[in-house]
1. Please compute the modelled spin-label separation between A:Ala183 and A:Ser115, points set 7 Å along Cα→Cβ, answer in nm with one decimal.
2. Among A:Glu5, A:Glu119, which comes first, second and so on when ranked by fewest other beta-carbon atoms within 10 Å?
3. Where a ≥ b ≥ c are the square roots of the eigenvalues of the C-alpha gyration tensor, would you call the range A:92-155 rounded, which needs a/c under 1.5, or, failing that, prolate if a/b is larger than b/c, or oblate?
4. Can you tell me what percent of all Cα-Cα pairs in chain A are more than 33 Å apart?
5. For the residue pair A:Ala71 and A:Asn26, what label-to-label distance in nm results when each label sits 7 Å from Cα along the Cα-to-beta-carbon direction?
6. Tilt of helix A:186-202 relative to the longest C-alpha principal axis of chain A, in degrees (0 to 90, nearest 10)?
7. For the Cα atoms of chain A, what angle does the longest principal axis make with the long axis of helix A:11-22, in degrees from 0 to 90, nearest 10?
8. With charges set only on the Cβ (+1 for Lys and Arg, -1 for Asp and Glu), what does the dipole of the range A:33-142 come to about its Cα centre, in debye to the nearest 20?
Amino acid sequence: MARKETDKSRIAPAYKKLLSTFGGQNWWPAETPFEVCVGAMLTQNASWGNVEKALANIRARGALSLAKLHAMPDEELAELIRPSGYFRLKAKRLKHLLAFLADVKGGKWRDFLRSLSLEKARETLLKVHGVGPETADSILLYSADMPSFVVDKYTLRIGGRCGWFPHGTKYEEARAIFMESVAKNVKVYNEFHALIVRLGANFCKTKPLCADCPLNSVCPKKI
DNA sequence: ATCCCGAAAG
DNA sequence: CTTTCTGGAT
C-alpha cells in the first residue's frame, strides 16, 4: 500500500492535546538567563534532579554568576558540578561557554545574541566547543527568548512513534519540521518542548505506557 | 561506534 | 544488576 506513513499535520493537534492534559509547564526552571545557560550545559545526558544538585553546590559557594564561574579553576568547578555527571568534561565545556559570554562587550551577551538573526545566533553558539544543537537551541529559546525549537531524544522517539516524521529522522530535519508545523512563537516552542519531555519521561518511555498515554487517541502507535 | 560519569529507577 | 537521564566530541 502506498499510504502515507508519516504526516507532520499530526503535530499541532498533539500539542493541543498535551497542553490541555498537562497544562503549562512553566519552563525553564531557573532564576536568570545566565542560570539557564549553566543548566543547559549541565543537563547534557543527565537528569534534571542531578543538575539541581550541581546548581545548588554552585549557589552555596556564592558562585552562580558569570564573573565568579569564569574565574574559577576547572578542578574546583568540576567538584561542584560532580552530581550532574561527566563532571571533568562539563567543567571544561562550561568554561568554554563562559569564555564566550564574558567576551561580549559590556556583559550584554543576551542582547548580542538577540541582535543577530536566529540562524546566525545559532551558528555563533554552535562554534562554542561543547555546545551542540540541543544546547544551542535551549539557550536561544529559554535564555534569549528567541524562537528556536528544541529537539531532544524524546522528541525523536515520540515523533517517530506518533508518525510525525519517519523513524531515524535527524535533529536538524526534525527541528525544521516542528518550526513549519506550529506557530513560530517563543511561548509555543517553550511549552511544546517541555510537554514533550514530560510525555517522554512519564509515558512514551523505552517501554511505552500507551494505555494511559494522553496521545493515545491521536497516535498510530508506530512502534 | 566509543568515550565521558554520577545518581536513581527499573 | 542494567538502564536511563531535558548530549556532544572524537
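1. 3.1 nm
2. Details: A:Glu5 12, A:Glu119 9.
Fewest to most other Cβ atoms nearby, the residues stand as A:Glu119, A:Glu5.
3. Values: a/c = 2.10, a/b = 1.26, b/c = 1.67.
In terms of gyration-tensor shape, oblate.
4. On the way: 4951 of 24753 pairs.
Beyond 33 Å sits 20 percent of the P(r) for chain A.
5. About 3.5 nm, to one decimal.
6. 80 degrees
7. Orientation of helix A:11-22: about 70 degrees from the principal axis.
8. Values: 17 positive and 12 negative charges, 33 e Å.
That gives a dipole near 160 debye.
Bear in mind that the values in this text are calculations on the coordinates, not laboratory data. These figures come from a predicted structure and were not determined experimentally. Ideal geometry is used to build each Cβ from the backbone, glycine not excepted, and the neighbour counts take in all protein chains shown.
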